Amino acid sequence: MANRVGDPDGPWNDIPSAADLNPERQLSVSVISPSAEAFEGKATALRVPAYDGELGILYGHAPMVVLLGTGTLHIDGPDGERRFQVARGFLQVVGNEVSVLAEEVEALDESS
């Protein structure tokens with residue numbers, strides 16, 4: 001019989017469940033452009049404008065590289081949400097470390 005999701009001895013036992021998502025399980029995030037480092041810090045979740053649609057990233061996400069589109073990058077962290085307007089570039093996720101390399105990055109103020 002094949003292993004199923006939730007089987008503690010199966011191949012899915014290292015994927016976090018919703019119960020595991022707590023503030024202590026954080027991503028290390030870096031957002032940079034050719035002109036500056038816009039953000040370096042911790043986050044519990046990200047919403048990213050990928051080239052072909054919005055992407056969500058949580059702790060334990062699979063490794064990947066994504067082509068960025070143009071839009072708002074949302075970073076939810078211990079101190080609240082930070083937002084950045086980004087355009088073109090790449091995002092890489094490796095072992096709970098997220099690097100956003102964008103051609104253009106502009107921090108959006110909290111009121112907009």
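The values are calculated or read from the model by the stated rules, or taken from the named source; none is laboratory data. Just so we're clear, the structure is a prediction, and the values are computed from it rather than from any experiment. Heads up, the Cβs are rebuilt from the backbone with ideal geometry, glycines too, and the neighbour counts pull from every protein chain shown.
Take the residues of the range 26-40 that are more than 15 Å from Leu68 (Cβ to Cβ) and within 12 Å of the chain's Cα centre (by Cα): which is surrounded by the most Cβ atoms within 10 Å (Cβ to Cβ)?
Only one residue tops the list, namely Leu27.
Residues that are among the charged types (D, E, K, R) and either over 11 Å from Val29 (Cα atoms) or loosely packed, with under 15 Cβ neighbours inside 10 Å (or both): does the range 69-77 have at least one?
There is no residue in the range 69-77 that is among the charged types (D, E, K, R) and either over 11 Å from Val29 (Cα atoms) or loosely packed, with under 15 Cβ neighbours inside 10 Å (or both).
I'm trying to understand the selection: among the residues of the range 40-68, which are among the charged types (D, E, K, R) and either in contact (Cβ under 8 Å) with a residue 24 or more places away in the chain or part of a strand (DSSP E or B) (or both)?
Answer for the range 40-68, where residues must be among the charged types (D, E, K, R) and either in contact (Cβ under 8 Å) with a residue 24 or more places away in the chain or part of a strand (DSSP E or B) (or both): Glu40, Lys42, Arg47, Glu54.
Check off (1) under 17 Å from Asp109 (Cα atoms); (2) in contact (Cβ under 8 Å) with a residue 24 or more places away in the chain for Gly71 and give me the number that stays unchecked.
Checking Gly71 against (1) under 17 Å from Asp109 (Cα atoms); (2) in contact (Cβ under 8 Å) with a residue 24 or more places away in the chain, the one that fails is (2).
Condition first: of a type in the set (S, T, N, Q) and at pLDDT below 95. Can you find one or more residues in the range 38-59 that meet it?
Looking through the range 38-59, at least one residue is of a type in the set (S, T, N, Q) and at pLDDT below 95.
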